[in-house]
Amino acid sequence: MKTPSAARIFPLAVLALCAGCATEPGPFAPLDTAKFTLENTDRFVLLDQPAQNSVTCTGLQERPLADGRLEVVANVKNREPRRIEVQINCVFKDELGAIGDETPWQTLILSENSTEAVRFTAMNAQARKYTVRVRQAR
């Protein structure tokens, strides 16, 4: 009986490894892992691969307004050495996570390696949670 040579097995092993490496597209977590931004960025979602490569969140601040509505400020950073254009919005949710209202998508132009603060305000006082979403401009 003939034993297979390493020259025949190696390409098959590489092919088998590569076949299991496919990933589904989906919401991406920001790439920056600075010590002081980790706890604030779990409510920041990047909706496509171009945004995941180019954008991160350096901080989220939230505060209740006098009328009970929630205000959120997201510090959005361009990680690229070129100007980029993205779209951003915020989905506000009640205590149970049910969607209460959603802001319209707005275009955000970020200069090279710059950070911009983007402010969102809930339409009603039931909002307790939120998700800031970013995607490549369409």
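The values are calculated or read from the model by the stated rules, or taken from the named source; none is laboratory data. Given the structure is predicted, the values throughout are model-derived calculations rather than measurements. A quick note on method: Cβ atoms are made from the backbone with ideal geometry, for glycine too, and the neighbour counts reach across all protein chains shown.
A few notes on this one:
- The lone exception for residue 51 - which of (1) in contact (Cβ under 8 Å) with a residue 60 or more places away in the chain; (2) in contact with an Asp or Glu (Cβ under 9 Å, 6 or more places away or on another chain) it fails: (2)
Each row is one residue, and each column tells you yes or no for (1) within 18 Å of the chain's Cα centre (by Cα); (2) at pLDDT below 95; (3) aromatic (Phe, Trp, Tyr); (4) surrounded by 18 or more Cβ atoms within 10 Å (Cβ to Cβ).
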residue	(1), (2), (3), (4)
14	no, yes, no, no
21	no, yes, no, no
25	yes, yes, no, no
32	yes, yes, no, no
39	yes, yes, no, no
55	yes, no, no, yes
61	yes, no, no, no
70	no, no, no, yes
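- Residue match in segment 83-103 (condition: of a type in the set (Lys, Arg) and either over 15 Å from the mean Cα position of the chain (by Cα) or modelled with pLDDT of 95 or more (or both)): yes
- Number of the condition not met by residue 125 [criteria: (1) more than 17 Å from the chain's Cα centre (by Cα); (2) within 23 Å of residue 52 (Cα to Cα)]: (2)
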